[in-house]
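What follows is a single structure, written as structure tokens, with notes after it.
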2 protein chains.
Amino acid sequence: MEKIESKQFSAGTKLPSENELANRYGVTRMTARAALSKLEERGYIYSKQGKGRFLKEESMQIQLHLTGKVSFTEKMEQAGYDLETRLISCEKIGFEEKVYKLLNCEPIDHVYKVSRIRIIDGQPMAIHNSFVSEKMFPDIEKERTGISSMFAYYRKHGHTEFASSKTMLGISFPTSKEQQLLHCQSMVPLIIVENDCIDAATGEVLEHTRILYRSDKFKYDITM
Amino acid sequence: MEKIESKQFSAGTKLPSENELANRYGVTRMTARAALSKLEERGYIYSKQGKGRFLKEESMQIQLHLTGKVSFTEKMEQAGYDLETRLISCEKIGFEEKVYKLLNCEPIDHVYKVSRIRIIDGQPMAIHNSFVSEKMFPDIEKERTGISSMFAYYRKHGHTEFASSKTMLGISFPTSKEQQLLHCQSMVPLIIVENDCIDAATGEVLEHTRILYRSDKFKYDITM
DNA sequence: ACACAGCCACTTGGCAACAAGTTAGGATGA
DNA sequence: TCATCCTAACTTGTTGCCAAGTGGCTGTGT
């Protein structure tokens with residue numbers, strides 16, 4: 001039904017009005033409205049009352065090697081992007097069986113969630129969540145505001161070599177909070193990548209990470 | 001706004017009616033309707049006029065190692081799933097610069113698109129598109145109906161060892177045709193994996209593949 | 001006591017009229 | 001001639017009412 005949009009014009013060109021689309025395709029205005037709303041929720045167009053609907057400019061897609069060992073920061077700086085990482089929150093979380101198990105924690109242990117947002121060329125692109133146990137890093141509560149790079153933080157605690165566990169990829173949609181942080185609509189899929197960071201020397205699990213990427217901003221390279 | 005659904009009941013439990021939701025959250029019925037429609041388009045719920053809205057049963061997610069070298073068929077049979085692959089179409093395509101370039105073809109050459117659907121335990125899960133040049137396989141037109149496994153077809157033509165090129169991953173939404181084939185709603189994201197299959201001996205590009213996975217049916221393992 | 005028809009309350013689906021914002025053009029007046 | 005205001009014709013946004021489908025309850029006749 002919304003095959004009209006596949007013609008893919010560019011820039012801020014104006015779309016036909018609801019009534020025009022309805023007449024042209026022999027449907028009611030409500031049907032045309034629903035189709036256009038879908039496009040709006042996917043982030044392809046925007047609408048202004050009294051004016052019309054317009055195509056958003058297509059933002060470039062950044063190529064990202066998902067399976068690599070290099071850190072996100074290094075990848076982006078190496079590719080010449082202006083990356084800023086901002087701390088959103090660092091809070092104790094309630095009991096989550098999955099995370100606790102991965103960190104070898106009991107229900108009475110405390111686990112912190114360190115949330116940071118990745119901003120590239122002024123655009124928020126991903127949310128990086130690190131789950132860290134207080135058991136492993138007792139000073140996490142005090143250090144909370146000063147954390148910029150997790151790797152730097154771990155090095156300060158004597159961990160030098162890192163390894164990665166099995167990494168899983170899934171798709172989800174942003175919560176309203178995540179929509180605000182990422183400046184995106186409710187129907188923009190997020191790519192969720194989860195794995196653990198392990199101290200290569202001792203085998204200890206340092207953190208569990210859950211990264212939420214805006215699926216429309218990246219082209220993911222998963223070559224082995 | 002649709003945070004109510006995150007409570008995640010299970011099975012075919014009935015949801016509160018539009019009016020009840022509207023009253024409870026102090027919004028209009030249209031707003032509640034819009035939120036519920038989103039959930040319906042994502043494939044989480046279904047609605048019956050006169051009865052109400054109900055949760056769909058959550059279908060299991062199949063774990064799939066995306067970066068592996070083993071073929072999809074082998075992966076699934078090894079894991080004990082009942083996999084059926086059905087040929088949808090095998091047609092000449094118009095000129096597409098990207099595909100033609102990858103296959104080392106000129107605009108006058110003919111390229112075929114072999115479309116097959118992967119059905120696991122009776123449920124359509126993925127669409128597998130192979131782009132093959134007539135230059136490389138002159139009998140493709142005649143063989144079109146008899147193709148079940150692409151690898152078997154290539155072996156018949158003397159190619160024995162295969163390699164894979166760079167593999168790219170992206171997200172998209174299904175066209176109405178793809179919705180029919182995959183039995184899914186319009187807002188179910190598809191994971192698109194693209195790469196080339198190369199004859200390891202000669203280095204020739206045999207095919208370009210574009211696989212469309214239903215994102216809600218798989219958990220993807222991208223461990224290196 | 002039981003069968004059945006009709007009615008009512010509830011559900012989702014759909015539509016039509018209205019509201020609100022924008023723009024362009026023409027009438028009016030200095 | 002030019003500035004200003006008003007109106008009309010568009011756009012999207014919102015509201016309310018009615019249609020259609022379902023199930024349960026009740027009254028009525030046998």
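Are any residues in region A:21-30 surrounded by 13 or more Cβ atoms within 10 Å (Cβ to Cβ) and in a loop (DSSP other than H, G, I, E, B), and if so, which ones?
A:27 - this is the single residue of region A:21-30 that is surrounded by 13 or more Cβ atoms within 10 Å (Cβ to Cβ) and in a loop (DSSP other than H, G, I, E, B).
Which of the residues spanning region A:147-192 are touching a residue at least 40 places away in the same chain (Cβ under 8 Å), farther than 29 Å from residue B:67 by Cβ and among the small types (Gly, Ala, Ser)?
Residues satisfying the conditions are A:148, A:186.
Kindly indicate whether residue A:14 is in contact with a strand residue (DSSP E or B) (Cβ under 9 Å, 6 or more places away or on another chain) and either within 26 Å of residue A:203 (Cβ to Cβ) or not assigned by TED's automatic domain parsing to the domain that holds residue A:191 (or both).
Considered against the rule, which asks whether it is in contact with a strand residue (DSSP E or B) (Cβ under 9 Å, 6 or more places away or on another chain) and either within 26 Å of residue A:203 (Cβ to Cβ) or not assigned by TED's automatic domain parsing to the domain that holds residue A:191 (or both), residue A:14 comes out as yes.
Scan region A:186-218 for residues that are within 11 Å of chain B (Cβ to nearest Cβ) and not acidic (Asp, Glu) and report the count.
Qualifying residue count for the region: 14.
Out of everything in region B:1-26 that is among the aliphatic types (A, V, I, L, M) and in contact (Cβ under 8 Å) with a residue 12 or more places away in the chain, what residue ends up being nearest to DNA strand D (Cβ to nearest atom)?
So the residue we want is B:1.
Can you tell me which condition residue A:11 does not meet? The list is (1) at pLDDT below 90; (2) of a type in the set (Gly, Ala, Ser); (3) part of a helix (DSSP H, G or I), and all the others hold.
Unmet condition: (3).
For region A:170-182, what are the residues that are modelled with pLDDT of 95 or more and at the interface with chain B (Cβ under 8 Å from one of its Cβ atoms)?
A:170, A:171, A:173, listed by residue number.
Take region B:14-39 and flag every residue that is away from DNA strand C (no atom under 13 Å from the Cβ) and farther than 24 Å from residue A:35 by Cα.
Scanning region B:14-39 gives B:25, B:26.
Hey, could you check region A:27-40 for residues that are within 13 Å of DNA strand D (Cβ to nearest atom), aliphatic (A, V, I, L, M) and away from chain B (no Cβ under 12 Å) and say which is farthest from residue B:41 (Cα to Cα)? Can you show your working first?
Applying the first criterion (within 13 Å of DNA strand D (Cβ to nearest atom)) to region A:27-40 yields A:28-40.
If we keep only those that are aliphatic (A, V, I, L, M) too, we end up with A:30, A:32, A:34-36, A:39.
Narrowing further to those that are away from chain B (no Cβ under 12 Å): A:32, A:36.
Numbers: A:32: 16, A:36: 14 Å.
Only one residue fits best here, namely A:32.
When you scan region B:45-80, how many residues do you find that are aromatic (Phe, Trp, Tyr) and surrounded by 14 or more Cβ atoms within 10 Å (Cβ to Cβ)?
So the answer is 2.
Which residues, taken from region A:81-98, are among the polar types (S, T, N, Q) and surrounded by 13 or more Cβ atoms within 10 Å (Cβ to Cβ)?
Once the filter is applied, which keeps residues that are among the polar types (S, T, N, Q) and surrounded by 13 or more Cβ atoms within 10 Å (Cβ to Cβ), region A:81-98 yields only A:85.
What helices (runs of 4 or more DSSP H) completely inside region A:31-146 contain at least 3 residues that are out of contact with any Leu (no Cβ under 9 Å at 6 or more places or on another chain)?
A:97-102, A:140-143
Just for region A:46-77: of the residues that are aliphatic (A, V, I, L, M) and without any contact (Cβ under 8 Å) to a residue 40 or more places away in the chain, which one is nearest to DNA strand C (Cβ to nearest atom)? If you could, list the steps in order and put the result at the bottom.
Keep residues of region A:46-77 that are aliphatic (A, V, I, L, M), which gives A:55, A:60, A:62, A:64, A:66, A:70, A:76.
Within this subset, residues satisfying the condition of being without any contact (Cβ under 8 Å) to a residue 40 or more places away in the chain are A:60, A:70.
Working: A:60: 29, A:70: 47 Å.
My answer is A:60.
Would you be able to say whether some residue in region B:151-163 is surrounded by 21 or more Cβ atoms within 10 Å (Cβ to Cβ), out of contact with any Phe, Trp or Tyr (no Cβ under 7 Å at 6 or more places or on another chain) and either assigned by TED's automatic domain parsing to the domain that holds residue B:105 or in a strand (DSSP E or B) (or both)?
There is at least one residue in region B:151-163 that is surrounded by 21 or more Cβ atoms within 10 Å (Cβ to Cβ), out of contact with any Phe, Trp or Tyr (no Cβ under 7 Å at 6 or more places or on another chain) and either assigned by TED's automatic domain parsing to the domain that holds residue B:105 or in a strand (DSSP E or B) (or both).
Okay, residues lined up against (1) surrounded by fewer than 20 Cβ atoms within 10 Å (Cβ to Cβ); (2) over 23 Å from residue A:218 (Cβ atoms); (3) in contact with a Cys (Cβ under 6 Å, 6 or more places away or on another chain); (4) at pLDDT 85 or above:
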residue: B:132; (1), (2), (3), (4): no, yes, no, yes
residue: B:142; (1), (2), (3), (4): yes, yes, no, no
residue: B:184; (1), (2), (3), (4): no, yes, no, yes
residue: B:200; (1), (2), (3), (4): yes, yes, no, yes
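Looking at this structure, is residue B:167 within 14 Å of another protein chain (Cβ to nearest Cβ), buried (at least 17 other Cβ atoms within 10 Å of the Cβ) and of a type in the set (S, T, N, Q)?
Answer is yes for this residue.
Give all pairs with beta carbons closer than 6 Å in which a residue from region B:100-123 that is aromatic (Phe, Trp, Tyr) meets a residue that is at pLDDT 95 or above; count only pairs at least 6 apart in sequence or on separate chains.
none
If the requirement is being within 16 Å of DNA strand D (Cβ to nearest atom) and within 14 Å of chain B (Cβ to nearest Cβ), which of these qualifies: A:43, A:50?
Numbers: A:50 fails: within 14 Å of chain B (Cβ to nearest Cβ).
Only one candidate passes the filter, namely A:43.
Do you know which residues across region B:159-173 are among the aromatic types (Phe, Trp, Tyr) and within 15 Å of the chain's Cα centre (by Cα)?
B:173
The values are calculated or read from the model by the stated rules, or taken from the named source; none is laboratory data. Just so it is clear, the model here is predicted, and its values are computed rather than measured. All Cβ positions, glycine included, derive from the backbone under ideal geometry; neighbour counts span all protein chains shown.
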